[in-house]
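Colleague: To start, I am sharing the structure in question, which I have written as structure tokens.
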Amino acid sequence: MGTEKRLDTNVPGDFYVTEACINCDQCRQLAPPIFSEVGDYSAVISQPWREEDRTKAFHALLSCPTGAIGSERKEGLTEAIADFPLLIENNVFYCGFTSRKSYGASSYFIKHPTGNWLVDAPRWAPQLVHKFEQLGGIRYIFLTHQDDVADAEKYAEKFNAERIIHVLEKNSQPGAEHFIQDRTAVDWAPDFRIIPVPGHTKGHMVLLYREKYLFTGDHLAWDRERGQLDANEDFCWYSWKEQGESMERLAKERFEWILPGHGDRVYLEADEMNIAMNQLLSRMK
Ligand code: SF4
């Protein structure tokens with residue numbers, strides 16, 4: 001927590017957001033009854049009274065990339081720290097502890113019998129490092145694209161992990177252990193398919209795990225307000241045309257979860273997901 005001024009838009013009470021907010025949306029995803037967008041920032045619109053809501057507010061506080069969330073009382077904070085990484089389903093976790101370097105992008109952890117994976121990276125947080133140690137360390141760090149690498153290098157060094165990134169994003173991780181060379185999908189291991197999807201950036205990639213979990217970086221997310229899949233032309237840094245072509249190739253894959261860097265996660269039955277993908281393709285044309 002820094003010394004920035006509390007926003008006037010917060011309701012009075014324990015939790016608050018300060019001027020350090022960069023409007024990354026993490027808190028609104030983690031604790032939607034408590035945080036909402038007011039003007040250009042987030043604000044506390046309802047103080048948490050129930051213990052479970054207080055825990056969610058602490059999860060948001062810990063995941064905020066700029067330390068913009070504060071709480072006057074700290075009861076429950078230690079327990080909330082111990083919850084990370086937060087289980088999403090089966091052996092897939094959300095890391096929290098987002099980094100300002102990646103504008104608060106989400107990163108994920110997969111616990112796997114042949115070695116654990118980190119998908120994009122959180123900020124360096126000793127509490128999280130300790131939990132990764134308890135979960136068996138990290139074998140691979142898959143990096144979707146150059147913007148969301150955060151502290152990947154430090155995690156790689158600590159765990160002797162191998163980073164995988166596309167060669168066109170090499171500038172962000174010149175010392176990475178593996179570079180994907182072209183636009184051909186790579187079946188890296190039985191459960192893991194790496195799919196290059198140029199568009200948002202030139203060397204953007206997604207990771208498909210067990211034909212169920214698709215880690216999409218900034219290629220694709222869920223738009224909770226419209227209730228539909230979303231790709232954003234305003235935040236397309238390389239080629240919107242190529243992003244559409246990549247989306248078309250991706251629509252041929254089977255998956256049920258979308259786990260993005262920025263934007264909302266979503267679960268849909270595979271057939272429903274396929275319909276949603278085709279609807280998105282129509283909107284992109
Ligand atoms: S997580 Fe922090 S920076 Fe992001 S919207 Fe919430 S208060 Fe703002």
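Colleague: Net charge around Arg224, counting only other residues with Cβ within less than 12 Å of its Cβ (Lys, Arg = +1; Asp, Glu = -1)? Mind dumping the intermediate values first?
Modeller: Details: positive: Arg28, Arg226, Arg265; negative: Asp25, Glu37, Asp223, Glu225, Asp230, Asp264.
Residues close to Arg224 contribute a combined charge of -3.
Colleague: Please state, rounded to one decimal and in Å, the Kirkwood hydrodynamic radius that the stretch 177-281 gives when every pair of distinct Cα atoms enters the mean of 1/r. All intermediate terms of the calculation are to be shown ahead of the outcome.
Modeller: On the way: mean 1/r = 0.0730 Å⁻¹.
Over the stretch 177-281, the inverse of the mean reciprocal pair distance is 13.7 Å.
Colleague: In addition: Residues of the stretch 101-141 with the amide nitrogen closer than 18 Å to a label point 7 Å from the Cα of Ala189, along Cα-to-Cβ, please.
Modeller: 108-121, 132-141
Colleague: Treating the beta-carbon of each Lys and Arg as +1 and of each Asp and Glu as -1, no other charges, what is the dipole magnitude of the chain about its Cα centre, to the nearest 20 debye?
Modeller: Values: 32 positive and 44 negative charges, 80 e Å.
Once rounded to the nearest 20, the dipole reads 380 debye.
Colleague: Strictly over 18 Å apart at the Cα level, which of Lys212/Lys252; Lys170/Lys241; Lys111/Lys202; Lys131/Lys154; Lys74/Lys158; Lys202/Lys241 would you flag in this model?
Modeller: Lys170/Lys241; Lys111/Lys202; Lys74/Lys158
Colleague: Still on this model: Please list, or write none, the aspartates and glutamates whose alpha carbon is within less than 17 Å of the alpha carbon of Lys285, excluding same-chain residues fewer than 8 places away.
Modeller: The reachable aspartates and glutamates, counting only those whose Cα sits under 17 Å from Lys285, are Asp230, Glu233, Asp234, Glu242, Glu245, Glu248.
Colleague: When you count, for each residue, the other Cβ atoms within 10 Å and take the mean per peptide, how do 151-160, 227-236 rank with the highest first?
Modeller: The most tightly packed comes first, giving 151-160, 227-236.
Colleague: Within the stretch 29-63, which residues have the backbone N less than 19 Å from the label spot 7 Å out from Glu19 along Cα→beta-carbon, could you tell me?
Modeller: Within reach of a label on Glu19, which here means backbone N under 19 Å from a point 7 Å along Cα→Cβ, the stretch 29-63 contributes 38-44.
Colleague: At R0 = 25 Å, how high is the FRET efficiency between Gln181 and Arg249 if r is their beta carbon distance? Nearest 0.05 is fine.
Modeller: 0.90
Colleague: Hey, fewest Cβ within 10 Å first, where do Ser63, Ser106 land in order? Walk me through the numbers before you get to the answer.
Modeller: On the way: Ser63 25, Ser106 29.
Exposure proxy ranking, most exposed first: Ser63, Ser106.
Colleague: Within a 10 angstrom radius of the beta carbon, how do Glu133, Glu162 rank from fewest other beta carbons to most? Each step should come with its number before you reach the end.
Modeller: Numbers: Glu133 12, Glu162 15.
Lowest to highest Cβ neighbour count: Glu133, Glu162.
Colleague: While we're looking at this one, here's another question. What does the charge count near Tyr267 come to, summing +1 for each Lys or Arg and -1 for each Asp or Glu among other residues with Cβ under 9 Å from its Cβ?
Modeller: -2
Colleague: Here's another thing I want to ask about it. Looking at the stretch 84-284 only, what percent of DSSP beta bridges run antiparallel? Nearest 5 please.
Modeller: For the stretch 84-284, the DSSP antiparallel bridge percentage is about 65.
Colleague: Can I ask one more? Just how large is the dipole of the stretch 15-80 about the Cα centre, in debye to the nearest 20, putting +1 at every Lys and Arg Cβ and -1 at every Asp and Glu Cβ? List each step's numbers first, then the result.
Modeller: Values: 6 positive and 10 negative charges, 21 e Å.
For this selection, approximately 100 debye.
Colleague: Spin-label point model (7 Å from Cα, Cβ direction): what's the Glu75 to Glu233 distance in nm?
Modeller: It is 5.3 nm.
Colleague: Compute the angle between helix 51-63 and the longest alpha-carbon principal axis of the chain, please, reported from 0 to 90 degrees and rounded to the nearest 10.
Modeller: For helix 51-63, the angle is close to 60 degrees.
Colleague: Let me ask something else. Please report the base-10 log of the normalised intensity I(q)/I(0) for the chain, using a Debye sum with one equal scatterer per alpha carbon and no solvent, at each q in 0.12, 0.17 (1/Å).
Modeller: Reported log10 I(q)/I(0), two decimals: -0.75, -1.41.
Colleague: If you don't mind, there's one more thing I want to ask. Taking +1 at the Cβ of each Lys and Arg and -1 at the Cβ of each Asp and Glu, which of Thr18, Ile34, Ile45 sits farthest along the dipole of the stretch 1-114 towards its positive end, judged by Cα position relative to the Cα centre?
Modeller: So the residue we want is Thr18.
Colleague: Helix 240-250: angle to the longest alpha-carbon principal axis of the chain, degrees 0 to 90, nearest 10?
Modeller: Helix 240-250 and the main axis of the chain meet at about 80 degrees.
Colleague: So how far apart, in nm, are the two label points at Gln134 and Lys154 if each is 7 Å from Cα heading toward Cβ?
Modeller: Simple spin-label model gives 2.0 nm for this pair.
Bear in mind these aren't lab numbers, they're just calculated from the coordinates by the rules spelled out. If you're wondering where the values come from, they're calculated on a predicted model, not measured in any experiment. Here Cβ is always computed from backbone atoms with ideal geometry, including for glycine, and neighbour counts include all displayed protein chains.
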